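The values are calculated or read from the model by the stated rules, or taken from the named source; none is laboratory data. In this text, all values refer to a predicted model and were calculated from it rather than measured experimentally. Positions of Cβ are backbone-derived with ideal geometry, glycine not excepted, and every protein chain shown enters the neighbour counts. Calculation scope for accessible area: heavy atoms of the full protein, side chains included, ligands and nucleic acids excluded. Shrake-Rupley method; radii C 1.70, N 1.55, O 1.52, S 1.80 Å.
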Amino acid sequence: MRGLSKRWMAGILLCLSLCFTGCGEEKLVSEDFVKANSRSYLMNPIMKTEKGFYYNQSAFNELSLHYYDVKNGKNMYLCNKPECRHEGDEFCVATSDKYKVMDTAMYSGNLYISVVEETETAYEYKLLKATLDGSSLSEVVTYFSIDNVSLMPGRSPIITKNMTIHRNKAFLPYVLMNSDNMSVGISGTAIYDMETGEVTYLGEKEGDLKIQNGKFCGYGDYMYYVSAQKYKKELYRYSYADGSVEKVELKQGFKGNYAIYDENTIYYIRGAGEVHIWKRDTGESTQVDTEPWRGFWETLETENGPKSVMSVGYSLSDVLCDGEYVYVPEGFNFDYSTHIYEHESYATQKLIDYVEVTILDGEGNYVNDVKISPKKYLGYNEYFVLHFVDDMVYMQTSVMVYECSKADFIAGNANFKECYPIDIHITSVKEFE
């Protein structure tokens, strides 16, 4: 990727100079977290502007920022220095070999990147800022530092942890584990106030690895999160007003996956795939009746005419809300880059090479279901993540992002079309074949 021809590079740089606006002192604008813009360990959220899309090529690897220009159909490094070769040195804005990237998010007209840097004596966790015009990359704050003798940075073994920015506060989780014994280590979450520059912590700065906070979701003047242990998960919310923390009293058996529908309503998964609705005004939970729609239904021809039969059923493990609809995935999880395991149906022996999303309204009533299949577009089933942003639904794979109007999706039609090509460093399903 970094060995680009001079001619092509010249064209890219010209495109950058024409498309990007000049940079100057920018005012921090408070923004709400887009809760339905799914993120995973390996794939970015959708980061779009009127002119194009941004993404980081690597997850837990070297920094490599990219921009896709919609008007010109060009995919380029996010660096406007004409003489730069984008080889990871300090001169480049888009690439760096000194940082290992954990998460990337667009906020208030910039890209913010949570990274870890290994020095001779320590691991330093930092928040970086890259301008959207490719003119600068800077260190905003070092939010955690520890010696690198016995521990090393890792990914959470028990809960999804992602940087989350909401209303000018960045929640920055980190995990370090012993390389010889991954059950030993520390876990914590820094809270960076983007207005004051102050760094505080959610709980202990060097907390117990066995108790971790994750699944952050900003809503209103609160940041919701899950406190997870090996066999126990609980939902809490942090108050922006005074920094206090309160527990959300869900039913026992909460599995750690939840979605905020509005200020009074939270959907969550309990037990063996039960979908529940919690109401703040009453403090009570009710179970959604999933029996009529759960499972993959097919039409079987019989002597007495067509008959609907369920060919296969999956445990329901996740839920997502966008403030208008509720999305329940069957056969996959919104948090992870998932690929589809193809198999024959029990009823018709037809190949099932798709998964389904069931769509509910705010009260848990069935609206529709829609089949999802990357194979339909790529020719093979690949890792993917779904994102719900504004009036569009995006399906991100390792090589292409597809888009579908939300209206079509709600109507049960996954009419995805190519949106922009990407090249992110994840192992393809084809490499296992």
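Overview of values
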| item | result |
| --- | --- |
| Residue satisfying all of: in the range 239-276; open to solvent by 10 Å² or more (accessible area, probe 1.4 Å) and touching a residue at least 60 places away in the same chain (Cβ under 8 Å); farthest from the chain's Cα centre (by Cα) among these | TYR240 |
| Flag for ALA36 being touching a Leu at 6+ places or on another chain (Cβ under 6 Å), assigned to a loop (DSSP other than H, G, I, E, B), among the hydrophobic types (A, V, I, L, M, F, W, C) and open to solvent by less than 10 Å² (accessible area, probe 1.4 Å) | yes |
| Some residue of the range 210-225 being surrounded by fewer than 22 Cβ atoms within 10 Å (Cβ to Cβ) and over 18 Å from VAL245 (Cα atoms) | yes |
| Matching residues, the range 160-184, being open to solvent by 20 Å² or more (accessible area, probe 1.4 Å) and not charged (D, E, K, R) | ASN178, SER179, ASN181, MET182, SER183, VAL184 |
| Positions within the range 98-127 being touching a residue at least 40 places away in the same chain (Cβ under 8 Å) and not in a strand (DSSP E or B), in sequence order | SER108, GLY109 |
| Subset of the range 414-433 (residues that are closer than 23 Å to HIS66 by Cα, in a loop (DSSP other than H, G, I, E, B) and acidic (Asp, Glu)) | ASP423 |
| Within the range 217-232, considering residues that are in a strand (DSSP E or B) and in contact (Cβ under 8 Å) with a residue 60 or more places away in the chain, the one farthest from MET177 (Cα to Cα) | TYR219 |
| Which numbered condition SER187 fails, given (1) open to solvent by 10 Å² or more (accessible area, probe 1.4 Å); (2) closer than 18 Å to GLN229 by Cβ; (3) among the polar types (S, T, N, Q) | (1) |
| Hits in the range 363-385 - residues which are within 20 Å of the chain's Cα centre (by Cα) and aromatic (Phe, Trp, Tyr) | TYR383, PHE384 |
| Residue satisfying all of: in the range 69-84; touching a residue at least 12 places away in the same chain (Cβ under 8 Å) and either in contact with a Lys or Arg (Cβ under 7 Å, 6 or more places away or on another chain) or over 23 Å from SER138 (Cβ atoms) (or both); surrounded by the most Cβ atoms within 10 Å (Cβ to Cβ) among these | ASP69 |
| Residue satisfying all of: in the range 143-159; assigned to a strand (DSSP E or B) and within 23 Å of the chain's Cα centre (by Cα); surrounded by the fewest Cβ atoms within 10 Å (Cβ to Cβ) among these | PRO153 |
| Residue tally, condition assigned to a loop (DSSP other than H, G, I, E, B) and under 30 Å from TYR261 (Cβ atoms), over the range 342-368 | 6 |
